[in-house]
Amino acid sequence: MGHRVSDVSETTTPGAGTRPRLLLIDGHSLAYRAFYALPVENFSTATGQVTNAVYGFTSMLINVLRDEAPDHVAVAFDVSRQTFRTETYAEYKGNRSKSPEEFGPQVSLIKEVLAALRVPVLEKPGFEADDIIATLATQAGEAGYEVLICSGDRDTFQLVRDNVTVLYPTRGVSELSRMTPAAVEAKYGLPPERYPDLAALVGETSDNLPGIPGVGPKTAAKWVGLYGDLDGIVAGADQIKGKAGQALRDNLPQVLINRQVNQLVRDVELPLAPADLKLPGWDREEVHQVFDGLEFRVLRERLFATLASPEPEAEEGFDLAAEKLTGAAVASWLTANTGAAVGVTVLGSWKAGHGDATGIAVAAPEPAPGKPGPAAYVDLVEADAEALAAVTAWLADASRPKVLHDAKGPLTALSDRGLAVEGIIGDTALAAYLCLPDQRSYDLADLTVRHLGRQLKAEEAPVNQQLTLDMDDTAGPDEADLAMVRARAVIDLWGALQSDLAARNASGLLTDVELPLLGVLRVMEQHGIAIDQDALGALDSYFAAAVADAAKQAFEAIGKEINLGSPKQLQVVLFDELDMPKTKRTKTGYTTDAEALADLFAKTEHPFLAHLLRHRDATKLRQTVEGLLKAVGDDGRVHTTYLQTIAATGRLSSTEPNLQNIPVRTEEGRRIRETFVVGPNFECLLTADYSQIEMRIMAHLSQDEGLIEAFRSGEDLHRFVGSRVFSVEPADVNAEMRSKIKAMSYGLAYGLSAFGLSRQLNIPVDEAKTLMEDYFDRFGGVRDYLRGVVDEARRTGYTETILGRRRYLPDLVSDNRQRREMAERMALNAPIQGSAADIVKVAMLEVDRKLREQGLRSRMLLQVHDELVLEVSAGEREQVEELVRAGMAGAASLNVPLDVSVGVGRSWHEAAH
DNA sequence: AAACGAACGTA
DNA sequence: CGTACGTTCGTTTT
């Protein structure tokens, strides 16, 4: 503990960690920042009240309360424009135009928010908010507080000390930079207490304080460094040479006024002292009322989530009574402990539709607070017949409720050991995904910390307790012990996630869609799809030759050999050596993508470009072929893995290998599809896909009469729409018109702009704009829907599909335009893409159910978003086609028909239609 | 060895 | 300045 004397105040530095933290906020300056950072049109209540400044201010307040955890808080406001400063200098802030009419009323709303949060508000006639802040900061500094000042006014920098930090908003109101003494020194080259000297010399536009012409922060800081402070500069003004010196002498009176005006008052008489600013905690009911009135649903949730229930420190592990069981003990333990839902984890491995399970752990919740929860582990490799029989029967018993984490893999492993599982009532990974589908992973350990506040990993949990282990277990936790801990984490997590699911209206989606689908996907992965390896091998040679040929010719065209796959080397050749016109910029240079190369070819007709494009094309196809060849299993089939918790919209994804991006658009690409064939003992492949499902969903959601009629009429969609937009007969819609309409229709579902449309269609922006306007004139329902979907999402914080699947888009209220507009496009697309995903999932469940119900041997193999691929057993073709059509068409009842087209053939290519 | 960006395949 | 994915390659960073 030591003393430090400054020229302004004496401050003591008490022991860290014990001193109170005081947060002082300049209400006006932050509200103003928020007002200009957030677009007015996105923030208004049902009554028309604009709330962008209130929103931005409150959002910032919540963040800073969360991040800085102050125990004392005050917000200061300017009370009027008349202060001692306007008496000193009549023009002070004279340049400020009257604030927009939308701003004023928001200040009182901010005060309402603050009242609900029980944050003291201070104002004093004749002084500015900064003077109040300066006074409190001084008092609090002397009293040993840690002081944080949140203000958008740089004058507050003069208050910065070791224990006084200014949080200065840099971009909008979402980012605050910490101005410490070192930060001020680094930015301005002088200590904080000298900042007003610099400001006086440089001037402050926003306060209408003119500076010395030609003198910026660099020169000003230099002078302060040379002469110590402003007084020193004034005294030595005659010695300063050059233009700047003359300018200083000419403007000296103004500089002195500036300095007088920017000095903050540190002894304003206030009714409250720092000690009176302790946060008493807020009134929940009042917060609800105020936030309801402002329609701040997302902010309210954030407030309650981050402040009302601070996350408990993640430290406790799990206390469980763990047993490794064999023989008769297995059955009796299972009978005794698994009446209610239990967590299950499986040890083993799984990949590409196959696997092996070596052990299984089961854990029940704590029977009572503080009592260890029972947990058991059975080694499946070493298991005696009695133990194995007990496990087998228990797993197959649908009346024994089980919860797993990411169950598909474990079920695959168990299945290959001959163990079937029934009674899965929950999956914690799927549940977490439905709650927050934008996460990139749903790691059990992460979820455990987030939802239970406990550490899962042994090494991160405290040593004193992790497990109540068997007496002979002195070597520390082994694999089996950890499996039991994980099983326990799963069941505890399930308990926590269920209420979260219910609150998000997602319980039904889990139970009725995702959980049953998991089993269907597992079987699809297990089946895989047969590959004609000879044909695929031949294709590989063919593409390899094409690659070599294209490379050879490309090298000849430029007279040397380079790595054609290196964008860096390509840029050198194209833009330096061949001097071609520059293409669109990327982060690292200029793009060499196919579109740009084609453009360049059109301009230069340089043969290198043609060969390069061919090389790209052939290389890509060859990679796809080689990837597939490597992925073919011993059974002559490829088994993809479907990921059910990746796509934020609700789609599946496919990996290792990805069978959802097998080429189809080009002739050569389709040759790859010819090598996906019907397997031995089956009759053919059958593909069934939804035609234009996303546009149909658009018609349904928008209720647009024109679009609905288009689908009900049976007319070609784009032709129908084109005839309306271009005011011609359907028969007179030519190919060009049709393709424009097609591009726009699909673009709409992605949030396409007129600019984007013009670029895609290679037409002027004006024409694209007109096209869009004409489109919306005829299909106004679509326009209203798209607009409404974003507004609604902004209010609620999420979008919803027809099954109520949500996607949360907090960036819809970001003050960063790029992020906000990105979120808006996501909001446009998510309900459409997501509803399509819902429908396909339901269809898959239906098809699977019907296949089993009708005792058919045919089976589903692949899902490619709007398409299903089945393998049809001999004699079942008609029946399968019928049930697939019915299952898919009936998966949802929209106000337009769901059209399904079906094809059959010996290969995936032939089965296309 | 890992992380990143560019490019490109699908719906 | 159009959404959602996965894979590959080259390049940069550790």
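The values are calculated or read from the model by the stated rules, or taken from the named source; none is laboratory data. For clarity, every value in this text was computed on a predicted model and none was experimentally measured. All Cβ positions, glycine included, derive from the backbone under ideal geometry; neighbour counts span all protein chains shown. In case anyone asks, the SASA skips ligands and DNA or RNA and just uses the protein heavy atoms, side chains included. Shrake-Rupley method; radii C 1.70, N 1.55, O 1.52, S 1.80 Å.
Could you pull out every one of the lysines with an alpha carbon less than 19 Å from that of A:Lys582, ignoring same-chain neighbours closer than 8 positions?
The qualifying lysines are A:Lys568, A:Lys603.
Could you work out how much longer the chain between A:Asn734 and A:Ile763 gets when fully extended? Use 0.36 nm per residue separation minus the Cα distance between them, nm to one decimal. Walk me through the intermediate numbers first.
Numbers: separation 29, 0.36 × 29 = 10.44 nm, distance 1.68 nm.
Full-extension gain reported as 8.8 nm.
Once you sort the root eigenvalues of the Cα gyration tensor of region A:647-699 as a ≥ b ≥ c, which label holds: rounded (a/c under 1.5), prolate (a/b larger than b/c) or oblate (the other case)? Numbers along the way, then the final one.
Working: a/c = 1.71, a/b = 1.60, b/c = 1.07.
The shape class here is prolate.
With a probe of 1.4 Å, find how much accessible area region A:530-638 has per residue, and write the answer as a whole number in Å².
Values: 6050 Å² over 109 residues.
Accessible surface, normalised per residue, equals 56 Å².
Whenever you get a sec, line up A:Thr666, A:Thr47 from highest to lowest accessible area (probe 1.4 Å, protein heavy atoms). Provide the component values of the computation, followed by the final result.
On the way: A:Thr666 65, A:Thr47 125 Å².
Correct descending sequence by accessible area is A:Thr47, A:Thr666.
For every other residue with a beta carbon closer than 11 angstrom to the beta carbon of A:Asp716, add +1 if it is Lys or Arg and -1 if Asp or Glu, then tell me the sum.
On the way: positive: A:Arg719, A:Arg738, A:Lys742; negative: A:Glu715.
Taking every other residue near A:Asp716 into account, the sum is +2.
For region A:22-69, report the convex hull volume of the alpha-carbon atoms normalised per residue, in Å³, without decimals. All intermediate terms of the calculation are to be shown ahead of the outcome.
Details: hull volume 3.7 nm³, N = 48.
Output value, Cα hull per residue: 77 Å³.
With the crude spin-label approximation of a point 7 Å out along Cα→Cβ, what separation in nm comes out for A:Glu269 versus A:Asn208?
Using points 7 Å along Cα→Cβ, the separation is 3.0 nm.
Determine the distance separating the Cα centre of region A:578-637 from the Cα centre of region A:204-276; give it in Å without decimals.
After rounding, the separation between the Cα centres reads 61 Å.
In vacuum, with every alpha carbon of chain A counted as one equal point scatterer, what does the Debye formula give for log10 I(q)/I(0) at q = 0.05, 0.06, 0.10, 0.11 Å⁻¹? Two decimals, please.
-0.44, -0.62, -1.27, -1.33
Rounded to two decimals, what is Rg over Rh for region A:695-830 when you use alpha-carbon atoms and the Kirkwood radius?
On the way: Rg = 15.6 Å, Rh = 15.6 Å.
Reported Rg/Rh (Cα atoms, Kirkwood Rh): 1.00.
Over region A:695-830, what is the relative contact order in whole percent, taking alpha-carbon pairs under 8 Å and six or more residues apart? Intermediate values should be presented prior to the final figure.
Details: 143 pairs, mean separation 30.4, N = 136.
Normalised by residue count, the contact order of region A:695-830 is 22 percent.
Measure off, as a whole percent, the carbon and sulfur share of the 1.4 Å-probe accessible area of region A:320-528, all protein chains present. Let's see the in-between values first.
On the way: 4570 of 8510 Å².
On region A:320-528, the fraction of accessible area on carbon and sulfur atoms equals 54 percent.
How are the alpha carbon pair distances in region A:533-606 distributed across 5 Å bins from zero to the largest one, expressed in percent?
3, 14, 21, 23, 15, 10, 8, 5, 2, 0
Run the numbers on chain A and let me know its relative contact order in percent, using alpha-carbon pairs under 8 Å that are six or more apart.
Values: 1577 pairs, mean separation 89.7, N = 913.
This gives 10 percent for chain A.
Can you work out the accessible area per residue across region A:682-756, with the rest of the protein chains kept in place, probe 1.4 Å, in square angstrom? Mind dumping the intermediate values first?
Numbers: 3030 Å² over 75 residues.
So region A:682-756 comes to 40 Å² accessible per residue, rounded to a whole number.
Bin width 10 Å, origin at 0, all Cα-Cα pairs of region A:320-528: what percent of pairs per bin?
Calculated over all Cα pairs of region A:320-528, the distribution is 9, 36, 38, 16, 2 percent.
For a quick size check, give me the Cα extents of region A:173-273 along its three principal axes, largest first, whole Å.
Projected onto its principal axes, the Cα set of region A:173-273 covers 48, 30, 24 Å.
Could you work out how far apart the two model spin labels at A:Val664 and A:Asp356 are, taking each label as a point 7 Å from the Cα in the direction of the beta carbon, and quote it in nm?
Between A:Val664 and A:Asp356, the simple spin-label model gives 3.8 nm.
Using DSSP H assignments, which helices in chain A have an axial alpha-carbon span of 30 Å or above and a mean Kyte-Doolittle hydropathy of 0.0 or higher?
Details: long enough: A:479-503 (36 Å, 0.56); A:533-558 (37 Å, 0.48); A:607-631 (36 Å, -0.26); A:817-853 (53 Å, -0.53).
Qualifying helices: A:479-503, A:533-558.
What's log10 of I(q)/I(0) for region A:70-188 at q = 0.14, 0.17, 0.20 Å⁻¹, Debye sum over Cα points only, no solvent?
Here log10 of I(q) over I(0) equals -0.72, -1.06, -1.36.
Which value at 222 nm does chain A reach when only helices count, each DSSP H run of 4 or more adding -39,500 (n - 2.57), with the total divided by all residues and rounded to the nearest 500 deg cm²/dmol?
Values: 34 runs with 422 residues, N = 913.
So the helix-based figure for chain A works out to -14500 deg cm²/dmol.
Of all accessible surface on region A:530-638 at a 1.4 Å probe, what whole percent is carbon and sulfur? List each step's numbers first, then the result.
On the way: 3030 of 6050 Å².
For region A:530-638, the apolar C and S fraction of the accessible surface comes to 50 percent.
Could you please state how large a percent of the accessible area of region A:695-830 is carbon and sulfur, counting protein chains only and using a 1.4 Å probe? Intermediate results must be reported in sequence, preceding the final value.
Details: 2950 of 6430 Å².
That fraction is 46 percent.
Among the DSSP beta bridges whose two residues both lie in chain A, what percent are antiparallel, rounded to the nearest 5?
Numbers: 54 of 82 bridges.
Of those bridges, close to 65 percent are antiparallel.
At 0.36 nm per residue, and after removing the present C-alpha to C-alpha distance, how many nm does the segment from A:Ala328 to A:Arg297 gain when stretched out fully?
Working: separation 31, 0.36 × 31 = 11.16 nm, distance 5.53 nm.
Using 0.36 nm per residue and subtracting the Cα-Cα distance, I get 5.6 nm.
On average, how much accessible surface per residue is there in region A:320-528, in Å², for a 1.4 Å probe, leaving out ligands, DNA and RNA?
41
Could you tell me what fraction of 2.2 N^0.38 Å the Cα radius of gyration of region A:766-827 comes to, as a two-decimal ratio? Before the final figure, lay out each step's value.
On the way: Rg = 13.6 Å, N = 62, 2.2 N^0.38 = 10.6 Å.
For region A:766-827, the normalised Cα radius of gyration comes out at 1.29.
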